[in-house]
Structure formats: C-alpha cells, structure tokens
Amino acid sequence: MKKMLIALLLMLGLSLAQAEPLKIASLHPLLSEMAEKIGGEHVTVVNLFPENGDLHGFTPTAADLAAAAGAKLLLACGKGVEPYLADLKDSLPAHTTVVETGAEVPNVPVPGTRFADPHWWNIPGNMKRASRTLLNAMIQAAPEHRDAYTAGRNAYAATMDKLTRTARLKLSRIPQNARYLVTGHAAMCHFCLAFNMKPISIQGIARESEGDTATLAALLADLRSKNVRCLFTEVNASPRMLRVIAEQLGVPTAPLVMDGIYPAAPGYEAMFMHNINTICKHLCP
C-alpha cells in the first residue's frame, strides 16, 4: 500500500510538472507575440523589452534577467540586432537556450554598402520563417505540447500568408516610376525586395550617420531626378532631417514602423498594415 501511494504521488508530481507552461523570455515585443500565438495556454511569455524603448539602445538589465529566471528559451532577433547577445549568453544559466529567431532568414544587402539589413521582421514572409525556427525550439523544450504548438504555428503562418497577399494587392497599384521607398536609415531593404520597390536611405544603416553636405546635395539632386513622392520617417526616430529635405523637394513626409515597436498599433498585423496603408496613401495615384 505504501509503495502504491508513493507511486501515485510521483505520477501526480510528474503530471503537474508536465502541465506547467513553458516559460519563454523575449527581447522584442513581436517575438513575444509570436510565442504567445504559437504556444497559447501552454506558454508563459515574459517580454523584457521596455515600453517605448529604443531597439538600438536597449540592453537587458539585472532586473530583466531576474524576470527571465526559469525561462527555458530566450528569444532574440539575431542578425546583429542585439550586439550584447554574446555576453548575455555567457551570463545565462545552462537550462536557458537563446533562440536567434532570424537565423534562417536570408540576408538582404543594403544597396551600395557591404552591410546586410538586419530589420528582417518588416515582411510577413520572414516572420513565417522565424516562426518555424521558434516552433522547433519550443518542441525541443516541451515535446509534450508538440501538437498544440504545431497547430498554433500553422495558424500564425496562415496569417502571415494572408498579410503578404493583402500587401501585394494593395502595393500593385503603385506605378513603376513611383516605387521608391525613401527612408532615414536602411531598415526596409527586406520589404523592398519582397514587394518590388527600390530602397533609398538618407542616413545609411545607422541613425547616427548623418552624411556630409556634398553627399546630401547629391542625394537631393538624385531624389529630384526620380520625382519621389514622399519621404518616410520612422515613428520612433526624429523626423527633422527628412522633413528639411522634403521641404526642399516639395513633398510630404509620413511615418512608418521600422523597428517593430509601435504602441499605437500593437501587434504585428496592425503594425504591418499601418506601413502598407501609409505607403499606398502617398505613392498610389
């Protein structure tokens, strides 16, 4: 009788352990949302990125790491977005696996540079690829929920496919001679490649790269020759430089979400459709 009771207690303890949600920590709100969509009730997601934070200035604090304690997975964008990632990996416990969700996304070069654009999340196709990477990591961490995770990922992928179709239909209205996407820094190269547009970056790959007077003068002449219709600012960056240039060109400016962080349109679908609708509003006839 005593042995049977011990066996029942052990089985009960195992059952409770299996029922406990998989804890996931995330370094980007879009990755937090992806994990929640895939995992549903079988995950607990801790978003470490602060509200209204700066993607290029954020570094996890000791308090962030404390909030992530016990997480089996820590989600990162990868592609160099988190320059602190190597040091962070060294500080994590052995049971926490860092998942670079953008690892399987093909690189897209920034025209005229030797750099690749790290802002891979700006197209749904890349989010779909990243969701497959995340699914595999979640199954490895909690194989008992394989079916639920797979169903969640399939639904997520279907949403990304729908967004891609919607974007292609809307953007198809832009004339060929107006398909220039002029931005502050080179954050929309994945987007332009996917949707047959031409990226032009005024500041280069880093916001801090202001460029010299001669370079900006040549750029201004080039924009005039292309008859660009709008300059696209970034919702989380100063629009001052682009507004000055836009005034000289006599064209408007309009804000896009490029770093994936926009409290006014939370969630990937709202963010992406904000960009599509804004671009169409200013470039379509």
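Here are a few things to note about the model shown:
- Separation in nanometres of the label points that stand 7 Å from Cα toward Cβ, at Arg165 and Arg240: 4.6 nm
- Modelled spin labels at Ala217 and Arg173, positioned 7 Å past Cα toward Cβ, are 4.0 nm from each other.
- Measuring only protein heavy atoms, the 1.4 Å probe finds Thr159 accessible over about 50 Å².
- The packing ranking, built from the mean of other Cβ atoms within 10 Å per residue, places the peptides 92-100, 71-79, 185-193 in the order 185-193, 71-79, 92-100, highest first.
- DSSP beta bridges confined to the chain are antiparallel in about 5 percent of cases.
- At the residue level, Thr61 shows approximately 70 square angstrom of accessible surface with a 1.4 angstrom probe and all protein chains present.
- Accessible-area composition of the chain, carbon plus sulfur, in percent [1.4 Å probe]: 56 percent
- Were the residues from Ser225 through Asp87 laid out at 0.36 nm apart, the gain over their Cα-Cα distance would be 45.0 nm.
The values are calculated or read from the model by the stated rules, or taken from the named source; none is laboratory data. What you are looking at is a predicted structure, and each value in this text was computed from that prediction instead of being measured. Heads up, the Cβs are rebuilt from the backbone with ideal geometry, glycines too, and the neighbour counts pull from every protein chain shown. Surface areas here come from the heavy atoms of the whole protein model, side chains and all, with no ligands, DNA or RNA. Shrake-Rupley method; radii C 1.70, N 1.55, O 1.52, S 1.80 Å.
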